[in-house]
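For reference, the structure discussed in these notes is given below.
The values are calculated or read from the model by the stated rules, or taken from the named source; none is laboratory data. Predicted, not measured: the structure shown is a model, and the values here were computed from it. Neighbour counts run over all protein chains shown; Cβ positions are idealised from the backbone, glycine included. Please note that ligands, DNA and RNA were not included when accessible areas were found on the heavy atoms of the full protein model with its side chains. Shrake-Rupley method; radii C 1.70, N 1.55, O 1.52, S 1.80 Å.
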Amino acid sequence: YEQCKIDVAYSNTNVKLIGISGGVSYGALGMSHHSAQDIAAMAAVPNMRVHLPSDRLQTECLTRALLADDKPAYIRVGRNAVDDVYEEGNVPFEMDKATFVTEGSDVAVIACGEMVKPAADAAAKLKEEGISVTVVDMYCVKPLDKEAVVKAAQNAKAVVTVEEHAPYGGLGSMVSQVVGSECPKKVVNLSLPDAPVITGTSKEVFQYYGLDAEGIVKTIKEVL
């Protein structure tokens with residue numbers, strides 16, 4: 001952490017740090033092998049950007065963009081294959097700008113990393129029931145795309161954040177700060193707990209804590 005802070009960020013060195021197997025990628029090996037505090041830790045360092053791409057296609061776009069600049073950055077990637085959020089040849093991407101996967105008027109779901117796909121799946125399920133959901137892919141956690149947060153919140157009755165991270169200092173905390181100061185709305189944060197996480201595969205962990213599509217659907221209905 002000291003090297004990240006001083007040798008990379010403070011010195012503004014052109015280094016890209018890849019955080020492999022982030023979140024609960026090593027789920028079955030338990031809390032000693034989980035990395036659920038990296039957003040909070042890295043985002044607290046001045047000059048350090050923090051990115052959590054949502055699928056392989058966006059990861060490629062982000063990698064090309066990072067190769068073209070000379071600033072420090074931290075990128076969290078998982079260990080296991082994940083379903084695509086986007087389509088080959090059709091990946092909307094702008095550096096440090098969130099992507100609106102869907103746009104709706106009932107609830108805004110702001111997610112990052114591997115949580116974007118289940119958020120999009122939840123929105124699709126709810127659409128069949130007449131509930132309109134905005135899904136924002138906040139791959140750029142720092143700098144946070146505040147304009148996208150405000151736009152999503154203003155057009156919704158409430159905001160739900162979804163992250164594979166501890167409940168403090170992550171996406172939910174950042175979004176709550178922006179919503180609270182710019183366009184006050186109820187914000188509900190779906191995250192891992194501030195406690196030892198259960199042992200199981202990633203999917204089992206997500207299901208247990210309501211971080212899969214069904215859990216997100218349940219939370220959205222409760223919010224409404």
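Kindly establish whether Pro118 is in contact with a Phe, Trp or Tyr (Cβ under 9 Å, 6 or more places away or on another chain), open to solvent by 10 Å² or more (accessible area, probe 1.4 Å) and in a helix (DSSP H, G or I). The answer is yes for Pro118.
Among the residues of segment 2-35, write down those that are hydrophobic (A, V, I, L, M, F, W, C) and either in contact with a Cys (Cβ under 6 Å, 6 or more places away or on another chain) or at pLDDT 95 or above (or both). If the condition is that a residue be hydrophobic (A, V, I, L, M, F, W, C) and either in contact with a Cys (Cβ under 6 Å, 6 or more places away or on another chain) or at pLDDT 95 or above (or both), then Cys4, Ile6, Val8, Ala9, Val15, Leu17, Ile18 are the ones that fit.
Residue pairs whose Cβ atoms lie under 8 Å apart, sitting 6 or more positions apart in sequence or on different chains, and linking a residue in segment 121-150 that is aromatic (Phe, Trp, Tyr) to a partner that is open to solvent by less than 10 Å² (accessible area, probe 1.4 Å) and in a helix (DSSP H, G or I), are Tyr139/Gln58; Tyr139/Leu62; Tyr139/Gly113; Tyr139/Val116. Only one of the numbered conditions (1) open to solvent by 10 Å² or more (accessible area, probe 1.4 Å); (2) under 23 Å from Ser25 (Cα atoms); (3) among the charged types (D, E, K, R) is not met by Asp137, and that is (1).
Answer yes or no: is there a residue in segment 1-21 that is touching a residue at least 60 places away in the same chain (Cβ under 8 Å), at negative phi, open to solvent by less than 20 Å² (accessible area, probe 1.4 Å) and in contact with a Gly (Cβ under 9 Å, 6 or more places away or on another chain). No, that holds for no residue. Residues in segment 93-115 that are open to solvent by less than 30 Å² (accessible area, probe 1.4 Å), within 15 Å of the chain's Cα centre (by Cα) and either within 20 Å of Ala158 (Cα to Cα) or of a type in the set (D, E, K, R) (or both): Ala98, Thr99, Ala108, Val109, Ile110, Ala111, Cys112, Met115. Of everything listed in (1) within 20 Å of Ala148 (Cβ to Cβ); (2) loosely packed, with under 15 Cβ neighbours inside 10 Å; (3) in contact with a helix residue (DSSP H, G or I) (Cβ under 7 Å, 6 or more places away or on another chain); (4) charged (D, E, K, R), the single unmet condition for Asp83 is (1).
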